[in-house]
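Notes for the one structure printed next.
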Amino acid sequence: EADIYQTPRYLVIGTGKKITLECSQTMGHDKMYWYQQDPGMELHLIHYSYGVNSTEKGDLSSESTVSRIRTEHFPLTLESARPSHTSQYLCASSLFGANEKLFFGSGTQLSVL
Amino acid sequence: DAKTTQPTSMDCAEGRAANLPCNHSTISGNEYVYWYRQIHSQGPQYIIHGLKNNETNEMASLIITEDRKSSTLILPHATLRDTAVYYCIAGTPTLGRLYFGRGTQLTVWP
């Protein structure tokens, strides 16, 4: 099974706080992704990375930022959380290739009060 | 990525085959068809993918029409644990993204 981990699983935080959502994978995958999903809605790609020192913005504009200093680690940071950031954040990874499949973590449910 | 169209919801009796349709009439020649599912509050799980030929694995079968404008995911013997949202995606991950729509909510009843 996939070895991709997200922490925390749930996070409740006040407005204005800085937060970092962690995502790590032990599969040596080159590519990593962050998706945002509201209940019953589609997943929106907000960031992705092709490898170390590579980061790209996704289809949905996001106030979050990401970094890729190590292959296995792809953290997402919000400098100042707002209630509009309340959502589920899903991290995924894949091997670079013609038809690689995505492996997803269990997600972080973020609630900003 | 090509746009896909799926029914909003379907149901199926336990033990019966579940056939989930997907239309992708604008799919281009180098785009694959992927199926994922998402059980409540978890990350999506890969099921199967294909380009032109029909595919089968331990989870499901994928039937792609000859013109590649539609496909069907078949769960041969649905169980209660197959209750989930199923996403059909037409795309090429090498471009950096796959578009997950709202999918089909499959409910398997006893």
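Charged neighbours of B:Tyr87, selected by a Cβ distance under 10 Å, balance to +1 (K, R count +1; D, E count -1). For the protein assembly as shown, taking a cut-off of 4.7 Å between Cβ atoms, the unpaired cysteines are B:Cys12. Within chain B, all pairs of alpha-carbon atoms sorted by distance into 10 Å bins from zero give the percentages 16, 50, 29, 5, 0.
Residue by residue, the range B:101-108 carries 3J(HN,Hα) couplings of x, 8, x, 10, 7, 9, 10, 9 Hz when phi is fed to the Karplus relation 6.51 cos²θ - 1.76 cosθ + 1.60 (θ = phi - 60°); x denotes Gly or Pro.
The trypsin sites (Lys or Arg not before Pro) of the range B:1-77 that meet both conditions, a loop assignment by DSSP and at most 15 other Cβ atoms within 10 Å of the site Cβ, are B:Lys3, B:Arg16, B:Lys52, B:Lys69.
Rounded to the nearest 0.05, the FRET efficiency derived from the C-beta distance between B:Ser41 and B:Ile74 at R0 = 22 Å is 0.25. Counting only DSSP beta bridges whose two residues both lie in the protein assembly as shown, roughly 85 percent are antiparallel.
For chain A, what proportion of DSSP beta bridges, expressed in % and rounded to the nearest 5, is antiparallel?
90
Applied to the range A:78-86, the Karplus parametrisation 6.51 cos²θ - 1.76 cosθ + 1.60 on θ = phi - 60° returns per-residue 3J(HN,Hα) values of 10, 5, 8, 5, 10, x, 5, 7, 4 Hz, with x for Gly and Pro.
Is the C-alpha gyration tensor of the protein assembly as shown telling us rounded, prolate or oblate? Criteria: a/c under 1.5 is rounded; beyond that, a/b larger than b/c is prolate, otherwise oblate. Here the protein assembly as shown falls in the prolate category.
Relative contact order for the range A:1-107: 34 percent, from Cα pairs under 8 Å spaced at least 6 residues apart, divided by residue count.
Measuring against 22 Å, Cα to Cα, the residue pairs A:Lys57/A:Lys101; A:Lys31/A:Lys57; A:Lys31/B:Lys69; A:Lys18/A:Lys101 contain A:Lys31/B:Lys69; A:Lys18/A:Lys101 as the ones spanning a longer distance.
We did not get these values from a lab; they are worked out from the coordinates using the rules stated. The structure presented is a predicted model; accordingly, all values stated were derived computationally and were not measured. Methodologically, a virtual Cβ is constructed for each residue, glycine included, from the backbone with ideal geometry; neighbour enumeration extends over all protein chains shown.
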